Amino acid sequence: MATIVDIALKTPGFETLVAAVQAANLVETLQSEGPFTVFAPNDDAFAKLPPNTVNNLVQNPPQLGRILCYHVVSGLWDAAQLQTVSELVSVEGSPIPIRSHNPLEIKNATVLAEDVRASNGIIHVIDTVILMG
Amino acid sequence: MILTLLIGLPLLGALAVILFPATKAKLVALWGAGIPLIWNIWLFSQFDLGNSHFQWGESATWLPVLGLNYELGIDGLGLLMVALNTFLTWIAIYSARPDVDRPRLFYFLMLLTSSVISGAFLAQNFLLFFLFYEACLIPLYLLINIWGGERRSYAATKFLIYTAISGALILIGGFGLLWLGGAENFSYAALAKTSLPVQKQVLLLLPLAIGFGIKVPMVPLHTWLPDTYVAASTPVAIMLGGVLAKLGTYGLLRFGFSLLPDGWAVIAPWIAIWAAMTIIYCAFLAIVQRDIKRMVAYSSVSHMGYVLLGSAAGNDLSLSGCIAQMVAHGLVLAILFNLVGLIEAKVGSRELDQLNGLMNPVRGLPFVSATLLLGAMSSAGIPGLVSFAAEFAVFQGSYRVFHWQALMGVVGTGLTAVYFVILLNRTCFGRLDNQRAYFPKVSFNEKAPALILVTVIIALGVQPNWLFRWSEPREVKAIEIVPRNQQTVTLEDIGGLLLGSTEAPKIVD
Amino acid sequence: MTAPLPPSTHPHADVIHRLEAGGSMLPDTPENLMQIIGIYKAYAVPMDFYWRDLLYIGERVFLEPLPFFKYFLSKPYLDRHNTYAGDQSTLRVWRGRGEAHPELMEFIDKGVSGRRLPRLLHHLGHDRINMEFAEACMRSMFWHEDINPKFNAYLYTEAYKTAADKAIKAYFKGNIAMLGLYKLFPEMFLEQVRQRSYYANLGLFWEVMAPVFFEMSDIYDEGGFKGVPDAMEFLVNGIFAVAGRPIYHHVYIGDECFEIIPKSAGFTWLYEAALPYVEAIFYRTTPFRGTKSYDAQMQQVPRDQADFHYGILYADVFPVGSAGIPPTLLMHDMMRFLPPYLEEYYHQHCRGEDDQLIQLGITFQRSMYNVTSAVIQALRAALYYPLDDSNPEHLMANRRFFEAQMDRLTRSEARLRDIQTADYR
């Protein structure tokens, strides 16, 4: 079974995310054992950010890495389990509120595709880049 | 001519104001007040300090039938009073608003008032004094009634009624002097020659004391004053409080103390009690005021009490203090009224509850606040400022004679500090209100009167001798007048006099 | 956009509705726009000095025991290229030059007096930029440690202590007295290094803001902004664009660089500098000594640091003029670089030149309400929903966010109501 990174690489619409993960040197981490739950913003989500935001982040890998880590939660959280909690703690350290369960909304992002299984975790596709704070 | 000029020059100025266009009125009036001031300053240099008599006497027959002659003369007391008058007239005209209504009439009346008051201080004839004394009511009545603030016609009428009664009582006293003493005319010299028995002196002193007491004013004859001062515009208030009130104490010294020394000695303890009462009562009234102009008005009454206290004690030190206090009071009152007027003009309120934070260096009125603080400090008798020397001399002099009354006076200065701290704390300190604090700028011309007054207040405070030396010769003479031995007059004696008993009571040695 | 929400019942409902329509807390009038842009320009020039000197102190002066000359900026720091200006910049915010602003250079050279004197004389005559203001801001951020938890926690980690220890030892190499002191009181030295880290933090923050404000002034001069919301939008975009800028603290001793806080620690401009700055300086700060007496028994100074409310959004600008009050220091700095149109504007109002300091202080307050609006809108965009979201629940969440922000400005000291009118000057 493919890892989280492999799935992102294969699936169209995640080019920005993949580039970001590569720039932040997180490929290896996301290929490791895990398991992780990843909220993966698609290209449209990145496009919604104001101009230059991503460019500047890509030039600063540690900072980019921090934003990306905010999209990652350790452990396996499928859609059914997410229904039972109202907050998760990200790998970055900050909490991720789950504001709505139906439809499933992770902070200010709506989940577009649930429960994409990978060998080392689960991917949920979201429509907005979520930020700490 | 030397003294006639002091009366004539402001009068000429008044006429000049009428002749020049209205736009130039203030400038002309400043010259009209300034020339007599310069003349007056020059007179200081010519004054013979060794001479305790009236100097530069002038005399012309006018109506010998009535005993009215045009007689002028000046001594140290008169010199200081005329100087105060000419100086404060100039200051008052300077502090008038540039956009005053009907400027020509206003400045004409101001200069007329000044001229007439100078006349009263210079007169050497009781009737002449009385004419000047009464004549100043007319311009002042108009000044209050036309240019006053709220309730001005009420205040002007009250002022007129009270001072008219005051005039009537003084007239009674004056005629009594002539008839009972049998002097040939009303000139001071003639009046001084007569010797009245002490009971008659006391009897004559009663209408004089009440008459001048209204003018000073003394509690409970003071009720016209706060209304009048508050209703009057700033320059008029300066003339009223700074100069006119001095006519009252001047009259008491001239006619009571000098002409009726034996009677004065008898009523002096009562005068002292009266003075102490005025000091304390009006200080308390000032404490409870919410309107700063009214507060200053009550403060003025309270401080006139010191003048009376000094004159009652009647020794050389207290008299020096008393005369100095008349000048100091005029200067301090002028600066306080000037600043209160400025605050009202800029902030638009005189209410303690609405004023705040004027000490603010950029948006407040820092100069006004600072000078107000200085004026208040002087009034409260802080050393180094003019009132300190004057009040200190009054207390030290009068304490020898009247312990309790003098101590009451000392308490009064403490109370002065109380109400001025209230005033300063509310108006000058604290936070400037952001909603209201858009006051117009204070221009240099508006600052100048206070600046000049501050200079004089500090100069005379640091060097009080400049103030005291002029009145010394007069006191040398005054001490000769006051009998050394104590006399007592009982109520029965006075009652006997009033009932027409011909038997003269014995003088107790 | 038609808001399907009922009107807000908040005391600042009018402002909330304006924010929901994409506006600023500051009403959109040409006069307001002119004022805030003018003051941004006047602010940016001294700020150009502040950030350079803050970095100079953090990186070079470091632990100098007697830092008499810490405000004497060295030439390399004046010529240092701003990361966001000049032709060497990869993300060029300001189209102008990267070195210190020409007006600043002229001021350093000649001062207000216009006379070319030795720098020491300018300094002693106080004819200089008031760096004390920048240091007061730094101290405020340092003191309100709860608002920057991640950054602050890092200052107590082993990694930080080890790096600081190396730098301290290198800095005082051969200085037995200081090394002995360090041996005796290591915490004292560490605390000083932590403060230097905040110097660097604030310096890096302002390095961004200076070109942003310069650019805004240039755009305005070219007729680019149509209203206050445009100016706010520019700020919002600026905040996002540089959000990921690393916040770090490097110390240079000789030619060697000591990374006290390396870039790899992952601290970002938005989270570890901008947001704490807004909280510490715009909202909280500390009561300014000398302007007012506070009665502790009356609890006039809050028990809880989070309740402090002495920032520019609450400031009473009227008692200026007293020496040493940080906002007054800043106003003095800004007064020297006012654009002509703003100077003329002040001449026409209140007491003209005499109270220019207060007038520009209130303009500054207006402009900072606009910056705060930009921060609020940026946070709304980052954490909540677009203003034209079709989901009413999302709009309601936005409403609650705005209301929560406005709650902080309901206390009586807040100037939000004042700046709604043009008469507050």
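The values are calculated or read from the model by the stated rules, or taken from the named source; none is laboratory data. A quick note: this is a predicted structure, and the numbers were derived from the prediction, not measured. Neighbour counts run over all protein chains shown; Cβ positions are idealised from the backbone, glycine included.
Listed by position, the helices (runs of 4 or more DSSP H) enclosed by region C:21-127 that each have at least 3 residues that are in contact with a Ser or Thr (Cβ under 9 Å, 6 or more places away or on another chain) are C:30-56.
For B:Ser45, indicate whether it is more than 25 Å from B:Leu128 (Cβ to Cβ) and either modelled with pLDDT under 90 or buried (at least 16 other Cβ atoms within 10 Å of the Cβ) (or both). Judged against the criteria, B:Ser45 is a match.
Entry remark, region C:398-412: residues being within 12 Å of chain A (Cβ to nearest Cβ) and either surrounded by 20 or more Cβ atoms within 10 Å (Cβ to Cβ) or basic (Lys, Arg) (or both) number 2 in total. Counting only helices (runs of 4 or more DSSP H) that sit completely within region B:376-492, those holding 2 or more residues that are at pLDDT 90 or above and within 14 Å of chain C (Cβ to nearest Cβ) correspond to B:444-462. Of B:Tyr133, B:Tyr107, B:Tyr70, all but one fail to be surrounded by fewer than 23 Cβ atoms within 10 Å (Cβ to Cβ) and in contact (Cβ under 8 Å) with a residue 12 or more places away in the chain; the exception is B:Tyr70. Counting only residues that are without any contact (Cβ under 8 Å) to a residue 24 or more places away in the chain and surrounded by fewer than 17 Cβ atoms within 10 Å (Cβ to Cβ), region C:140-157 holds 4 of them. Select from region C:337-386 the residues that are free of Cβ contacts under 8 Å to residues at least 60 places away in the same chain, more than 14 Å from chain A (Cβ to nearest Cβ) and not in a helix (DSSP H, G or I) and list them in ascending order. Listed by number, the residues that qualify are C:Gln348, C:Arg351.
The set of residues in region C:75-129 being among the aromatic types (Phe, Trp, Tyr) and within 20 Å of the chain's Cα centre (by Cα) consists of C:Tyr77, C:Tyr84, C:Trp94.
Within the option set C:Asp79, C:Asp28, being surrounded by fewer than 16 Cβ atoms within 10 Å (Cβ to Cβ) and more than 14 Å from chain A (Cβ to nearest Cβ) holds for one residue only, C:Asp79. If you go through region C:280-301, how many residues are in contact (Cβ under 8 Å) with a residue 24 or more places away in the chain and either part of a helix (DSSP H, G or I) or surrounded by fewer than 21 Cβ atoms within 10 Å (Cβ to Cβ) (or both)? Result for region C:280-301: 11.
Quick test for you: out of B:Leu127, B:Leu140, B:Leu84, B:Leu88, pick the one residue that is over 19 Å from B:Leu11 (Cβ atoms) and assigned to a helix (DSSP H, G or I).
Details: B:Leu140 fails: over 19 Å from B:Leu11 (Cβ atoms); B:Leu84 fails: over 19 Å from B:Leu11 (Cβ atoms); B:Leu88 fails: over 19 Å from B:Leu11 (Cβ atoms).
Going through B:Leu127, B:Leu140, B:Leu84, B:Leu88 in turn, just one is over 19 Å from B:Leu11 (Cβ atoms) and assigned to a helix (DSSP H, G or I): B:Leu127.
Residue-by-condition table, conditions (1) of a type in the set (Phe, Trp, Tyr); (2) surrounded by 24 or more Cβ atoms within 10 Å (Cβ to Cβ):
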| position | (1), (2) |
| --- | --- |
| B:Ile41 | no, no |
| B:Gln55 | no, no |
| B:Trp62 | yes, no |
| B:Phe87 | yes, yes |
| B:Ile91 | no, yes |
| B:Asp101 | no, no |
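Residue count for region A:98-133 under the criterion of being more than 11 Å from the chain's Cα centre (by Cα), assigned to a strand (DSSP E or B) and under 15 Å from A:Cys69 (Cα atoms): the result is 1.
Restricting attention to region C:230-272, which residues are hydroxyl-bearing (Ser, Thr, Tyr), within 8 Å of another protein chain (Cβ to nearest Cβ) and either within 29 Å of C:Asn370 (Cα to Cα) or in contact with a His (Cβ under 7 Å, 6 or more places away or on another chain) (or both)? Working first, answer last.
Step one: filter region C:230-272 for residues hydroxyl-bearing (Ser, Thr, Tyr), giving C:248, C:252, C:264, C:268, C:271.
Next cut, within 8 Å of another protein chain (Cβ to nearest Cβ) only: C:264, C:268, C:271.
Result: C:Thr268, C:Tyr271.
When A:Pro62, A:Pro51 are checked against the criterion of being within 14 Å of chain C (Cβ to nearest Cβ), more than 14 Å from the chain's Cα centre (by Cα), assigned to a helix (DSSP H, G or I) and surrounded by fewer than 20 Cβ atoms within 10 Å (Cβ to Cβ), a single residue qualifies: A:Pro62.
Is one or more of the residues making up region A:114-128 within 14 Å of chain C (Cβ to nearest Cβ) and within 30 Å of C:Arg92 (Cβ to Cβ)? Yes, there is a match, as at least one residue in region A:114-128 is within 14 Å of chain C (Cβ to nearest Cβ) and within 30 Å of C:Arg92 (Cβ to Cβ). Residues that are in a helix (DSSP H, G or I), touching a residue at least 24 places away in the same chain (Cβ under 8 Å) and of a type outside the set (Ser, Thr, Tyr) within region B:148-160 comprise B:Arg152, B:Ala155, B:Ala156, B:Lys158, B:Phe159, listed in sequence order.
Against the conditions (1) farther than 30 Å from C:Tyr84 by Cβ; (2) under 14 Å from the mean Cα position of the chain (by Cα); (3) hydroxyl-bearing (Ser, Thr, Tyr); (4) within 11 Å of chain C (Cβ to nearest Cβ), A:Thr29 satisfies every one except (4). Restricting attention to region B:1-27, the residues that are crowded, with 23+ Cβ neighbours inside 10 Å and more than 19 Å from B:Met81 (Cα to Cα) total 4.
Quick one: in region A:71-87, of everything that is more than 17 Å from A:Glu28 (Cα to Cα) and surrounded by 18 or more Cβ atoms within 10 Å (Cβ to Cβ), which residue is nearest to the other protein chains (Cβ to nearest Cβ)? I'd like the intermediate steps shown before the answer.
As a first pass, look at region A:71-87 and keep what is more than 17 Å from A:Glu28 (Cα to Cα): A:75-87.
With the extra rule that they be surrounded by 18 or more Cβ atoms within 10 Å (Cβ to Cβ), the set shrinks to A:77, A:82.
On the way: A:Trp77: 21, A:Leu82: 18 Å.
In this case the residue turns out to be A:Leu82.
Filtered by the rule that a residue be of a type outside the set (S, T, N, Q) and free of Cβ contacts under 8 Å to residues at least 40 places away in the same chain, region B:191-205 gives a lone residue, B:Lys193. Of the set (1) of a type in the set (S, T, N, Q); (2) more than 19 Å from B:Leu308 (Cα to Cα); (3) in a helix (DSSP H, G or I), all apply to B:Ser195 but (3).
For region C:119-130, the count of residues that are buried (at least 18 other Cβ atoms within 10 Å of the Cβ) and within 29 Å of C:Ala241 (Cβ to Cβ) is nonzero.
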